[in-house]
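The values are calculated or read from the model by the stated rules, or taken from the named source; none is laboratory data. Keep in mind that what you see is a predicted model, and the values were worked out from it rather than measured. Heads up, the Cβs are rebuilt from the backbone with ideal geometry, glycines too, and the neighbour counts pull from every protein chain shown. Note: accessible area is taken over every heavy atom of the protein model, side chains too, but ligands, DNA and RNA are not part of it. Shrake-Rupley method; radii C 1.70, N 1.55, O 1.52, S 1.80 Å.
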Amino acid sequence: MKSYDVAVIGSGPGGYVAAIRCAQLGMKTAIIEKYATKGGTCLNVGCIPSKALLDSSHHYEDAVKHFEEHGIDIPGEIKVNLKNMMKRKDSVVEQTTKGIDFLMDKNKIDTYQGVGSFKSKTEVLITPDEGEEETIEAKNIIIATGSKPRTLPGIEIDKERIITSTEALSLQAIPKHLILIGGGVIGLELGQVYRRLGAEVTVVEYMDRIIPTMDQSMSKEMRKVVKKQGMDLKLSHEVKSVERKGKEVVVKAKDKKGNEVEFKGDYCLVSVGRVPFTKGLNPDQAGVEVNDRGQVKVNEKLQTTTDNIYAIGDVIQGAMLAHKAEEEGTFVAEVIAGQKPHIDYNLIPNVVYTWPEVAGVGKTEDQLKEDGVDYKVGEFPMKALGRSRASGDIAGLVKILADKNTDEVLGVHMIGARTADLIAEAVTAMEFRASAEDIARMSHAHPTYAEAVKEAALAATEDRALHI
Ligand code: FAD
Ligand code: NAD
């Protein structure tokens, strides 16, 4: 039987990063992945393919709607070639997943294809798609088995017309009318892709706002944006069932007043969250407990109820984000190596890759109110920036929340061009416990979108933004 210091089960951003960090720290490491390609949800059916389609559809929309105003005339009709768009997306995914194979080789990590299941607290049985089963032994085991799409009672995913994000990333035809259940992050990102490509899009959302986990002001601004883009928003509607009738899907929901309403389309994307995945893992066999939400239980060291077994990423509590899983991968490797690492969960940024992009870190305004914190707000609209006017991306704003007494930055929320990248400045500032005035006094290159961060900080400091 092969023997390791660490065996990692699952090769998503949590698992493969954990494996690399373990190898860097001198541990003999193995990684087990049930699929033939590594990279998990994120690389295969999540972050990477969705961003490839968001970028391609954005180019198309620019060509159709905005090239002319930039003085670019394209003779003839501009058409979508969905087959080629999907082919490009597949090739981006392939390059990225191959990159993980390269990294495993480079770090001398043994890789196994197959379903990993516990035989005991130190033994994992690996059942490959082809060939013999094998058991390996490891002193420490990291569970990084991720998550799968959640569905609702009354909805059966048929993977053809009633679909999850996985199928939505590989459609063969552009829907005529796509109905989204859930106006969260997946709904808006993939809804925007197909809206740009010409689909009619209806968003049926349970809450009274879209992207409900982000700051209220971001939801409000995003609502204006997606309405302008032609999405039909049905807020405060609880979906009860979806039925397929040939090529038609019928979504039934209850509105705010309790009335039953019906929406008809040709595709229905169910995007109501994700649930932890432990099927086939056999955690009981190793004494690893799972809570009633299906999450593997962990303590502050991310140690499960069995002390040599750890768990990270989507399969445990917390935000289901690739970079959160990565931080936890590094954290656990360092814990196993006897170090004392730290993760500040308050500083894990949240991003929605629509256009304009939405990003936030730290506390939202509602959370500060709930916690009874005395805070002040500084805001700056993107439309007041020279850079925004030059590119034509004038939607959005930056909002900085700072402690009224100490001026410490407590939350930064932004919507606009490239905010997915701009949020890194806020994370850095907050990591070093910057005050709004610290940010306001830093030089920001002109003309950039980042100037909105400086201006919002000036507004928060003494209500002294310069360009508004
Ligand atoms: P996963 O990536 O789910 O990986 C788990 C791996 O474990 C899988 O490969 C699975 O096959 C394997 N596995 C499971 N059980 C076993 C077993 N018993 N034996 C062997 N292998 C097993 N997050 C972001 O931060 N940014 C984004 O832009 C973003 N976009 C997304 C878009 C979509 C459409 C979706 C669905 C998700 C997106 N996410 C995004 C979320 C992100 O993909 C997840 O948070 C992230 O992949 C979680 O990483 P993980 O390592 O915990 O699990
Ligand atoms: P989500 O939690 O973002 O949104 C789900 C939405 O569905 C919520 O707004 C919720 O109110 C709504 N909903 C729930 N039940 C409903 C019902 N019966 N009727 C109508 N609406 C209902 O989940 P998601 O969009 O499915 O994404 C899943 C996970 O994947 C998220 O946790 C997210 O972190 C991750 N993800 C991240 C990114 C990113 O970082 N950009 C992109 C995609 C996915």
Number of positions in the range 156-190 that are farther than 18 Å from Lys240 by Cα and more than 12 Å from ligand 2 (Cβ to nearest atom)
11
Residues of the range 332-355 being more than 13 Å from ligand 2 (Cβ to nearest atom) and under 20 Å from the mean Cα position of the chain (by Cα), in sequence order, are Ile343, Asp344, Tyr345, Asn346, Leu347
By residue number, the members of the range 396-423 that are open to solvent by less than 40 Å² (accessible area, probe 1.4 Å) and assigned to a loop (DSSP other than H, G, I, E, B) are Gly396, Asp407, Ala417
Select, from Lys79, Lys38, Lys108, the only residue that is open to solvent by less than 80 Å² (accessible area, probe 1.4 Å) and assigned to a loop (DSSP other than H, G, I, E, B).
Lys38
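Conditions (1) within 16 Å of Arg387 (Cα to Cα); (2) outside any loop (DSSP other than H, G, I, E, B); (3) open to solvent by less than 50 Å² (accessible area, probe 1.4 Å), marked per residue:
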{"position": "Arg433", "(1), (2), (3)": "no, no, no"}
{"position": "Glu437", "(1), (2), (3)": "no, yes, no"}
{"position": "Ala452", "(1), (2), (3)": "yes, yes, yes"}
{"position": "Ala460", "(1), (2), (3)": "no, yes, yes"}
{"position": "Ile468", "(1), (2), (3)": "yes, no, no"}
Looking at Gln216, Gln192, can you tell me which residue is out of contact with any Gly (no Cβ under 9 Å at 6 or more places or on another chain), buried (at least 18 other Cβ atoms within 10 Å of the Cβ) and of a type in the set (S, T, N, Q)?
Gln192
Any residue that is over 28 Å from Leu171 (Cβ atoms), in contact with a Gly (Cβ under 8 Å, 6 or more places away or on another chain) and in a helix (DSSP H, G or I) - is there at least one of those in the range 60-71?
yes
Output yes when any residue across the range 287-306 is more than 19 Å from Pro149 (Cα to Cα), in a strand (DSSP E or B), away from ligand 2 (no atom under 16 Å from the Cβ) and not assigned by TED's automatic domain parsing to the domain that holds Pro212, and no when none is.
yes
Just wondering, is there one or more residues in the range 225-242 that are among the charged types (D, E, K, R), open to solvent by 40 Å² or more (accessible area, probe 1.4 Å) and farther than 21 Å from Ile163 by Cβ?
yes
Over 30 Å from His66 (Cα atoms), part of a helix (DSSP H, G or I), in contact with a helix residue (DSSP H, G or I) (Cβ under 9 Å, 6 or more places away or on another chain) and assigned by TED's automatic domain parsing to the domain that holds Val453: does that describe Ala429?
yes
Just wondering, is there one or more residues in the range 198-212 that are closer than 17 Å to Pro356 by Cα and within 16 Å of ligand 1 (Cβ to nearest atom)?
yes
Just to be sure before I move on: is Asp393 more than 30 Å from His66 (Cα to Cα) and of a type in the set (Asp, Glu) in the structure I sent?
no
With the checklist (1) within 19 Å of the chain's Cα centre (by Cα); (2) aliphatic (A, V, I, L, M); (3) farther than 20 Å from His177 by Cβ; (4) more than 9 Å from ligand 2 (Cβ to nearest atom) in hand, flag the one item Val193 doesn't pass.
(3)
Take the range 168-181 and flag every residue that is out of contact with any helix residue (DSSP H, G or I) (no Cβ under 9 Å at 6 or more places or on another chain) and open to solvent by 10 Å² or more (accessible area, probe 1.4 Å).
Lys176, His177
Among the residues of the range 366-394, how many are within 28 Å of the chain's Cα centre (by Cα) and in a helix (DSSP H, G or I)?
10
With (1) open to solvent by 50 Å² or more (accessible area, probe 1.4 Å); (2) under 21 Å from the mean Cα position of the chain (by Cα) as the list, and Lys89 as the residue in question, which single condition is left unmet?
(1)
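Rundown of residues vs (1) out of contact with any helix residue (DSSP H, G or I) (no Cβ under 6 Å at 6 or more places or on another chain); (2) within 13 Å of ligand 1 (Cβ to nearest atom); (3) open to solvent by less than 40 Å² (accessible area, probe 1.4 Å); (4) within 27 Å of Leu178 (Cα to Cα), yes/no style:
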site	(1), (2), (3), (4)
Asn259	yes, no, no, yes
Leu269	no, yes, yes, yes
Arg274	yes, yes, no, yes
Ile312	no, yes, yes, no
On the basis of being surrounded by fewer than 21 Cβ atoms within 10 Å (Cβ to Cβ), within 11 Å of ligand 2 (Cβ to nearest atom) and more than 30 Å from Gln317 (Cα to Cα), does Lys264 make the cut?
no
Looking at Ile48, is it within 15 Å of ligand 1 (Cβ to nearest atom) and within 29 Å of Glu133 (Cβ to Cβ)?
no
Subset of the range 332-376 (residues that are open to solvent by 20 Å² or more (accessible area, probe 1.4 Å) and touching a Pro at 6+ places or on another chain (Cβ under 7 Å)):
Glu334, Val335
